[in-house]
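Chemist: The following block contains the structure, expressed as structure tokens.
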């Protein structure tokens, strides 16, 4: 194998690695197009395999109402009450598993009632 062939193979491998890193980087995951029908403050929560849009609002000092929407169409799939309160700029959600919301700073909000 000559030097030119080695260079071409190296460039192909390098390009492949760059594509893999870009595909799995958090910045790509977070760049979702929000359906127009969603509230402005709705957050996309998920991973490379998909996720949901979540919008939470305080009901009182210890209860939050959260609406969960589908990733692509923005259709409402669930509206539930959770034990907790929004603070400061609201929730920064890490994940929702169907029974609880976990924030980026580790706060757990447990579901207390389904509204839809």
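The values are calculated or read from the model by the stated rules, or taken from the named source; none is laboratory data. Small disclaimer: the values here were computed from a predicted structure and weren't measured. Note that we place each Cβ from the backbone using ideal geometry, even for glycine, and neighbour counts take in every protein chain shown.
Chemist: Those residues that are part of a helix (DSSP H, G or I) and either under 22 Å from the mean Cα position of the chain (by Cα) or modelled with pLDDT under 80 (or both), I need them from the stretch 8-28; list them, please.
Modeler: First, the residues of the stretch 8-28 that are part of a helix (DSSP H, G or I): 8-24, 26-28.
The answer is 17, 18, 19, 20, 21, 22, 23, 24, 26, 27, 28.
Chemist: Condition first: assigned to a loop (DSSP other than H, G, I, E, B) and surrounded by 12 or more Cβ atoms within 10 Å (Cβ to Cβ). Now tell me which residues in the stretch 88-116 satisfy that.
Modeler: Within the stretch 88-116, 90, 91, 92, 107 meet the criteria.
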